[in-house]
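Following: one structure in structure tokens, then a few remarks.
The values are calculated or read from the model by the stated rules, or taken from the named source; none is laboratory data. In this text, all values refer to a predicted model and were calculated from it rather than measured experimentally. Cβ coordinates were reconstructed from backbone atoms using ideal geometry, including for glycine residues, and neighbour counts include every protein chain displayed. When the accessible area is computed, the model is the full protein with side chains, heavy atoms only, and any ligands, DNA or RNA have been set aside. Shrake-Rupley method; radii C 1.70, N 1.55, O 1.52, S 1.80 Å.
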Amino acid sequence: MTISGFSFVRNGVTFDYPFLESISSILPLCDEFVVAVGQADDDTLVRIQQLRSPKIKIIETVWDESLRTRGFVLAHQTNIALDHVTGDWAFYLQADEVVHENDLPVIKDAVRQFHDDRSVEGLLFTYKHFYGNYDYVGTSRRWYRHEIRVVRTGIGVRSWEDAQGFRINGRKLRVRPLNASIYHYGWVKSPETQMAKQRSFNRLWHSDRWVEQKLGESSTFDYQGGTRLARFTGTHPAVMSERIRAANWTFRYDPGRVRLPLKDAILEWIESKSGIRIGEYKNYELI
């Protein structure tokens, strides 16, 4: 039984992605790690090469800008990496996702447990979405709570739409849930870098005119739009230690400034009382 890691990244340095930490976080678990590195204006490629791990296999790519709708280019890049893995299982991480070292044994045990059970097509993780800085996580309906990150290979699994999850010939994968988390840091950057990332990232979904109308002329991102947050009381993955120490911007969360549409407020109240998230998007089938 072998495990391949896979990912994609472009302009990881420019937009301050923790892509090196992401790769390093699961490298001990993997027999190989395949990463599709898009042509960029920074030294993302060089920095990955400098990890100097024989497990890492780099595929240099050029992003197809004609796929500039609904984020399809992200799935395309994901599938390029997925098509080059050789393991029995493939562990997917996006460039802003990191795994805690304490969860590696749990993941490894689960892969072993379900390896011979062909009904299991993937493994489902919980998510910790950090927002603004490393001290807060998103808790509102805006943040998805679970997603598939380990898939069985050789059964036709493909990245779905904007690469958040996976499907097989359009149908949802049958998965088992894990007691393991993905630490998502895509919303933890300086306000200036976050705005630059948002301008670039949103162009994978929308026209230049839409981006300019939506984001305006500001050079800094306003983090007050993060809706409800909760203070994080756990520990971060060890690979994130240096990055956390280097954070040099100020973020303040004021729950009094959170304003939800009436419908969302009602749905969140129901969830707080029942634990049920009505209408939750689930791109998977639990077995």
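Tabulated results
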{"read-out": "Residues that are within 20 Å of Arg277 (Cβ to Cβ), open to solvent by 20 Å² or more (accessible area, probe 1.4 Å) and of a type in the set (Val, Ile, Thr), drawn from the stretch 138-178", "value": "Thr139"}
{"read-out": "Residue in the stretch 38-45 that is modelled with pLDDT of 95 or more, charged (D, E, K, R) and in contact with a strand residue (DSSP E or B) (Cβ under 8 Å, 6 or more places away or on another chain) present", "value": "no"}
{"read-out": "Out of Asp96, Asp83, sole residue that is of a type in the set (Asp, Glu) and either more than 18 Å from Gln198 (Cα to Cα) or open to solvent by 60 Å² or more (accessible area, probe 1.4 Å) (or both)", "value": "Asp83"}
{"read-out": "Subset of the stretch 58-74 (residues that are in a loop (DSSP other than H, G, I, E, B) and either touching a residue at least 40 places away in the same chain (Cβ under 8 Å) or among the small types (Gly, Ala, Ser) (or both))", "value": "Trp63, Arg68, Thr69, Arg70, Gly71"}
{"read-out": "Out of Arg252, Arg257, sole residue that is of a type outside the set (S, T, N, Q), more than 18 Å from His129 (Cβ to Cβ), exposed (fewer than 14 other Cβ atoms within 10 Å of the Cβ) and touching a helix residue (DSSP H, G or I) at 6+ places or on another chain (Cβ under 6 Å)", "value": "Arg257"}
{"read-out": "Pro54 outside any helix (DSSP H, G or I), open to solvent by 20 Å² or more (accessible area, probe 1.4 Å) and without any contact (Cβ under 8 Å) to a residue 12 or more places away in the chain", "value": "yes"}
{"read-out": "Test: residue in the stretch 57-68 that is open to solvent by 20 Å² or more (accessible area, probe 1.4 Å) and on the phi > 0 side of the Ramachandran plot", "value": "no"}
